[in-house]
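Laboratory data are not the source of any read-out in this text; all were calculated from the coordinates shown. None of these values were measured; they are calculated from a predicted model. Cβ placement follows ideal geometry from the backbone for every residue including glycine, while neighbour counts extend to all protein chains displayed.
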Amino acid sequence: MELVAHRSNTSARRLVRGWATLWLLAVPASAVAVLLWSSQPPEPFPAEVVGSSVSQTDEGPVGDVRWVDEAEIRRVRSFNLTEEQITSGTVLLVNTENQVRVFDSSRDSGPSALIVSVTAVIAFLFAVVVLETVRGFGYVRGTGQPGEMTPEQVEESHAFYWRH
């Protein structure tokens, strides 16, 4: 009889450890997935530089760029350009919040590895705190020995947990 109870207790512990491990992996993975999904960079589209419109200003070369938008309407607008864009004759543009601008790889690449790592660490720490709270660990006034304090002295309203 004792052997059966020991086996069921061992399998219950494995199940709890399995769920705890899953929780500790799923929360950070979910947080990183939400971060990556919500900060997807806009999709760049090509546009043609009108070579005859390029002129030099105090801020650098400026020229007209033409493209066809989603509604199949031909658009023309002036942008600050680089010498490389003028030489190649094409520019990558992005449409962010109904504002067309020149694609900048440093600005439009999505979150950095540092931000993804910090998000994963914070989510992991949150998962650990939730797991330990569910297990009954928390700040307890006194030593936590049964009968040391009355339940009224350690109620939630006093910001302490009663350890069972």
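Structure above, values below:
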{"quantity": "Segment 34-124: trypsin sites (Lys or Arg not before Pro) in DSSP loop, at most 14 other beta carbons within 10 Å", "calculated": "Arg107"}
{"quantity": "FRET efficiency, 1/(1 + (r/R0)^6) with R0 30 Å, evaluated for Asn95 and Phe124 via beta carbons", "calculated": "0.25"}
{"quantity": "Label-point gap, in nm, between Asp69 and Arg135 - each point 7 angstrom along Cα→Cβ", "calculated": "5.7"}
{"quantity": "Label point distance in nm, Ile86-Asp104, each placed 7 Å from Cα along Cα→Cβ", "calculated": "2.0"}
{"quantity": "Amide hydrogen neighbours beyond the local backbone of Val65, cut-off 5 Å, H modeled", "calculated": "Val50, Arg77, Ser78, Phe79"}
{"quantity": "Virtual spin-label span in nm between Val76 and Val16, 7 Å along Cα→Cβ", "calculated": "7.4"}
